[in-house]
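Novice: Here it is, the structure, as structure tokens.
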């Protein structure tokens, strides 16, 4: 799924476009005990209550594709009889009317969701009548191309509200506020099947994690059975490790600066593309060549990449680049540079010492004060 697909499904989570037919929920305490289960026809809920659910489910589509929102494919083994894909398809096709299937789903979540506090499992079934599109891209609601039937899950922490005082308007007094158990924003969730190119894709799940570095492998492996992608941080660390192992002592400042500039240029050129820029092993090798890496050193690149990242693994360009800052660190000093002006800093040997030289064409401030540079006129 790409951003455009995500936004199209997200727009259905409103009273005007509602595609939800049924909602089920299970409240679980910190001892993994079910305290409450419920199921409702979604349209029978009071409007104020349904509005709160819309807000929760919209947040399952928040964040960045490739970081918080991760399209995950089923391995072939999970697409056979008895696999996780079959279970999720049965759950979807039951329209959440099969209590045994729903209970089995709750049990799978509880068994694999590593959380030591109270939480709420929410599950909805939806049917989206996909409108056709005219040649100019406008939607034709009377010309449906397909029907997208799906389930959407949100797992939300439930915590006691903070202590405090409140104004009691009936008694006209200030008094202690009663602490309530409040349902928070979802921490994890998923959409199945995926919605790709405005069509149903039963070979993929869209997984949501509020904290992109905490994907919870047990939930992904045992509930969804999907191939676990590298997190954004892991991709960055793996990319840096590949460069360090491949270039070794030739990994100098100029090469790293060129990698930074070339990556940011690639990201800028792909901004108008509907899909995020994904880099394969050959793409990254070409990036190093373009950035001035020694051909002799690149002979070990393939081996280093396979060992650290994985032969067929890919990386999201925005996960391994930093378009917002360019930092240089040394013992006792940190230099923050505008990412578009890394050319202002270079390395030189001065009086036998390795130095960073910073070009200064305008005024300098130190702790907010303008200071005079040697050679400037007073």
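Bear in mind that the values in this text are calculations on the coordinates, not laboratory data. Not measured: the values here are computed from a predicted model. Neighbour counts are summed over all protein chains in view; Cβ atoms, including those assigned to glycine, are modelled from backbone coordinates with ideal geometry.
Novice: What is the spread of the Cα atoms of segment 1-45 along each of their three principal axes, largest first, in whole Å?
Specialist: 40, 28, 11
Novice: Follow-up. Take the Cβ-Cβ distance between residue 114 and residue 357 as r, set R0 to 51 Å, and report the resulting FRET efficiency rounded to the nearest 0.05.
Specialist: Working: r = 50 Å, r/R0 = 0.98.
With R0 = 51 Å, the Cβ-Cβ based efficiency is 0.55.
Novice: Now a separate question. Looking at segment 24-122, what % of the alpha carbon pairs are farther apart than 23 Å? Let's see the in-between values first.
Specialist: Numbers: 1977 of 4851 pairs.
So the pairs more than 23 Å apart make up 41 percent of the total in segment 24-122.
Novice: Here is a further query. Provide the packing ranking of 169-176, 340-347, i.e. peptides ordered by the mean count of other C-beta atoms within 10 Å per residue, highest first. Mind showing how you got there, number by number?
Specialist: Details: 169-176: 8.2, 340-347: 13.4.
Final packing ranking: 340-347, 169-176.
Novice: Working from Cα positions, state the angle (0 to 90°, nearest 10) between the long axis of helix 99-112 and the longest principal axis of the chain.
Specialist: Value to nearest ten degrees: 30.
Novice: What is the spread of the Cα atoms of the chain along each of their three principal axes, largest first, in whole Å?
Specialist: Each principal axis gives a Cα extent; for the chain these are 78, 63, 50 Å.
Novice: Right, here's the next one. Given segment 233-320, what whole percent of its Cα pairs are spread farther than 19 Å? Please list the in-between numbers first.
Specialist: Numbers: 1278 of 3828 pairs.
When every Cα pair of segment 233-320 is considered, 33 percent fall beyond 19 Å.
Novice: Considering Cα pairs under 8 angstrom that are at least six residues apart, work out the relative contact order of the chain and quote it in whole percent. Write down the numbers at each step before the final one.
Specialist: Values: 590 pairs, mean separation 55.6, N = 378.
Once divided by the residue count of the chain, the mean separation gives 15 percent.
Novice: Starting from 0 in steps of 10 Å, tell me what percent of the Cα-Cα pairs of segment 3-228 lands in each bin.
Specialist: Distribution as computed: 7, 31, 35, 17, 7, 3, 0 percent.
Novice: Give the whole-number value, in cubic angstrom per residue, of the convex hull volume spanned by the C-alpha atoms of segment 326-371. Before the final figure, lay out the partial values.
Specialist: Details: hull volume 4.9 nm³, N = 46.
Cα-based convex hull of segment 326-371, divided per residue, equals 107 Å³.
Novice: What is the extension gain from residue 202 to residue 104, computed as 0.36 nm multiplied by their sequence separation minus the C-alpha to C-alpha distance, in nm to one decimal? It would help to have the intermediate numbers written out before the result.
Specialist: Values: separation 98, 0.36 × 98 = 35.28 nm, distance 2.05 nm.
Full extension of this stretch gives 33.2 nm more.
Novice: Determine, from the Cβ-Cβ distance of residue 55 and residue 170 and an R0 of 25 Å, the FRET efficiency 1/(1 + (r/R0)^6), rounded to the nearest 0.05. Show your work: numbers first, answer last.
Specialist: On the way: r = 29 Å, r/R0 = 1.15.
Efficiency at R0 = 25 Å is approximately 0.30.
Novice: Just grab the label-to-label distance for residue 213 and residue 77, each label 7 Å out from Cα along the Cβ direction, in nm (one decimal).
Specialist: 3.0 nm
Novice: Give me the tail of P(r) for segment 300-378 as a percent: Cα-Cα pairs with distance above 14 Å.
Specialist: Working: 2389 of 3081 pairs.
Counting every Cα pair in segment 300-378, those more than 14 Å apart make up 78 percent.
Novice: For helix 84-93, report the angle its Cα long axis makes with the longest principal axis of the Cα atoms of the chain; keep it between 0 and 90° and round to the nearest 10°.
Specialist: On a 0 to 90 degree scale, this one is about 50.
Novice: Rounded, prolate or oblate: pick one for segment 134-255, where a ≥ b ≥ c are the square roots of the eigenvalues of its C-alpha gyration tensor, a/c under 1.5 means rounded, and failing that, prolate if a/b is larger than b/c, else oblate.
Specialist: Details: a/c = 2.41, a/b = 1.30, b/c = 1.86.
It comes out oblate by the Cα gyration axes.
Novice: Under 10 Å, Cα contacts only: if you run a Gaussian network model on the chain, which one of 128, 113, 253 comes out with the highest mean-square fluctuation?
Specialist: 253
Novice: Now, a different point. On a full-extension model of 0.36 nm per residue, what is the gain between residue 21 and residue 90, subtracting their alpha-carbon distance, rounded to one decimal in nm?
Specialist: Details: separation 69, 0.36 × 69 = 24.84 nm, distance 1.64 nm.
Once the chain is fully extended between residue 21 and residue 90, it gains 23.2 nm.
Novice: Could I ask something else about it? Please determine, in degrees from 0 to 90 and to the nearest 10, the orientation of helix 281-290 with respect to the longest principal axis defined by the Cα atoms of the chain, where the helix direction is its Cα long axis.
Specialist: So the inclination is approximately 30 degrees.
Novice: I would also like to ask the following. Rounded to two decimals, what ratio of Rg to Rh does segment 203-361 give with C-alpha atoms and a Kirkwood Rh?
Specialist: Numbers: Rg = 18.0 Å, Rh = 17.7 Å.
Here the Rg-to-Rh quotient is 1.02.
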